[in-house]
1. When B:Met184 is evaluated against the numbered criteria (1) of a type outside the set (Asp, Glu); (2) part of a helix (DSSP H, G or I); (3) farther than 14 Å from B:His146 by Cα, which criterion, by number, is the only one it fails?
2. If only one of A:Leu352, A:Leu369 is in contact with a Pro (Cβ under 9 Å, 6 or more places away or on another chain), at the interface with chain B (Cβ under 9 Å from one of its Cβ atoms) and in contact (Cβ under 8 Å) with a residue 24 or more places away in the chain, which one is it?
3. Can you tell me which residue among A:Phe99, A:Phe81 is in contact with a His (Cβ under 7 Å, 6 or more places away or on another chain) and either aromatic (Phe, Trp, Tyr) or at pLDDT 65 or above (or both)?
4. Scan region B:27-51 residue by residue and report those that are among the basic types (Lys, Arg) and at pLDDT below 85.
5. Name the residue, out of B:Ile74, B:Ile144, that is under 20 Å from B:Glu190 (Cα atoms) and surrounded by 16 or more Cβ atoms within 10 Å (Cβ to Cβ).
6. Please name all residue pairs, on different chains or six or more residues apart, with Cβ atoms under 7 Å, provided the first residue is in region A:200-220 and is facing chain B (nearest Cβ under 9 Å) and the second residue is of a type in the set (Phe, Trp, Tyr).
7. Check A:Leu213 against each of (1) modelled with pLDDT of 90 or more; (2) under 30 Å from A:Gly368 (Cα atoms) and name the one condition it does not meet.
8. Check every one of the helices (runs of 4 or more DSSP H) wholly within region B:32-132 and list those with 2 or more residues that are within 10 Å of another protein chain (Cβ to nearest Cβ).
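The values are calculated or read from the model by the stated rules, or taken from the named source; none is laboratory data. Treat the numbers as computed from the prediction; the structure is a model and nothing was measured. All Cβ positions, even for glycine, are placed from backbone atoms using ideal geometry, and neighbour counts span all protein chains on display.
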Amino acid sequence: MAAPCVFCGPAIASRFFLGGRVTLAQGQGIWKPAAAELQAGTRSQILRLKHLTVVKTKKNVAASRPEKYTVDFIKKQIEEFNIGKRHLANMMGEDPETFTQEDIDRAIVYLFPSGLFEKQARPSMKHPDYIFPKQSAIQWGEDGRPFHFLFYTGKQSYYSLMHEAYGKFLDAEKRQNQLQAKDLQMEKTKTKDPIVSRWLIKEELEGMLAEKLSDRDYTRFIQLVERFSTLQCGAAEEEFLRRFRRSVTIQSKKQLTERLQYDEQGRAFSTSEGKRKSAKAEVVVYEHGNGKIKVNGVDHLLYFPVTQDREQLMFPFHFLDRLGKHDVNCTVSGGGRSAQAGAIRLATARALCSFVTEDEVEWMRQAGLLTTDPRVRERKKPGQEGARRKFTWKKR
Amino acid sequence: MAAPSVKAVRGWSGLALGVRGVVLRLPGLTQVRWSRYGPEFQDPQTDKEYYRKPTAQLTEEEKYERELRKTRFIKAAPATKTSSVFEDPVVSKFTNMMMKGGNKVLARHLMTQTLETVKRKQFEKYHAASAKEQATIERNPYTIFHQALKNCEPVIGLVSILKSGRFYQVPVPLADRRRRFLAMKWMITECREKKHRRMLMPEKLSHELLQAFHNQGPVVKRKRDMHKMAEANRALAHYRWW
């Protein structure tokens, strides 16, 4: 590839062509055009010569603009990639039809083992869509006139989307007013009972439009689309709005319920682990019992003299109204007294999930019993006395 | 729950209804106040009765809120919160404010001792009083505590505002949480400083609480002084711009 010196803005994985052309990563210095010409391959050479001429004219211009690629260029790159993929499959002795990206990666790692630490500097072969940044298609014709009528706003996709959405919104409003005038409006019961979907978040919208947005732009868009959805609209508008909705992860209760096990006497029990700060606890909860809790072989009253810790042990049982009904046997290590209590609390809550209905598991999750507490001790920073405390300020 | 890694969770923001100002995490600007939980985590609801309520009794809003909570990530309950009926958020807050050097054990011990002393004193009075007076004597230490703190809350506060080179004390309305904080702070400071060296905290604190309950004592006096100062500086009220 002729001119990585011009192409290197973002860190792009290098392209990999077959036919004896090996390209190095773009951060690795200027690839001399003379050296490039020595490579074999006629078709590619013609292509490269084309690039050479482009580069030569661009040398006189201030080179800080991101490179723009024509649509034809990208298409050609995609064709070449596909052909190269088939060649690679043949080389590896695999079926070209079912050669996936993972197979390509594996083949490249096999053929060109690299010891470089930076993963993005290693040779790789990816689809042009991943290499060339999406928005780099040139947006003006040969006469310099831009294609899109909103080009000079700077964010043409965003504004054209807003324009389109607002147009549809006005139409829908007009239609609704007409129906209202004729008293033909159907009562819209749009109470969203199950929360199945959400609007796009800002990052997703940016990806869709291939443009950077500000927070304000995003808020305006959401406000517009939200108002639009409150109107009664036909199938076409629903389809339009559905493009901007994503399904919500179905009720993050992906809680793994432990299996019930049975010991020699036939008692049912359930085991689970929990941790908090650096304390780790493993707990066995028996289904039928008196409410005795043994920690590291010692009764919980002796092991936890502080009331707060004992309250934490009782919390899951009290929450489920099962205070005297289970026997618990646990081992705990690490951490301090409060951390150990928290670890045992988490472990008992998890173990109790196997004795309890799904609803109650969800309640426990909403009460915060089933989340591992991610808070850990913050490290001390250099130049400060502690994690937050600074040294005494002295005027001189 | 197989706790989702915090990193994976960070990028997720729930429904955009009431679009929250998502705090930008720019690489150059790190925030000073940050938390191990992402902004999408919600506070846990430990009250048992909230969950046991039958569906028929819920309003539309509550039903919607329930559905919404099912899709959210929830933080872990802190070590001081349980579903116990004996737990009082005001008492917990006061205990934390009394705590010195992280010695929660001692702070909680002092708090329980205080409440016990209050109860004992009230019972002594009750047994010594005639039948008519007995009806008026309040014996529940928790009601006394709450009422005493409420009596100590100032309604209006003073703020130093710099204007043309001089600091003026300007009367300013206080938020609820600021008022509660000030009441507790004054109570604790009063008990720490103005007591005999040999007197223990529970004794002093119970004495002050009972006085505040009857709208007497130094803490209520301090509140009244604050109100008088605010009244005196009424003319400066227009210096406030918020």
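1. Only one criterion in (1) of a type outside the set (Asp, Glu); (2) part of a helix (DSSP H, G or I); (3) farther than 14 Å from B:His146 by Cα is unmet by B:Met184, namely (3).
2. After applying the criteria, what remains is A:Leu369.
3. Values: A:Phe99 fails: in contact with a His (Cβ under 7 Å, 6 or more places away or on another chain).
Sole residue among the options that is in contact with a His (Cβ under 7 Å, 6 or more places away or on another chain) and either aromatic (Phe, Trp, Tyr) or at pLDDT 65 or above (or both): A:Phe81.
4. Step one: filter region B:27-51 for residues among the basic types (Lys, Arg), giving B:33, B:36, B:48.
Matches in region B:27-51: B:Arg33 only.
5. Answer to the check: B:Ile144.
6. Cβ pairs passing all conditions: A:Leu200/A:Phe244; A:Lys202/A:Tyr218.
7. With (1) modelled with pLDDT of 90 or more; (2) under 30 Å from A:Gly368 (Cα atoms) applied to A:Leu213, the lone miss is (2).
8. Details: elements: B:48-52, B:60-70, B:89-98, B:104-128.
Passing ranges, in order: B:48-52, B:60-70, B:104-128.
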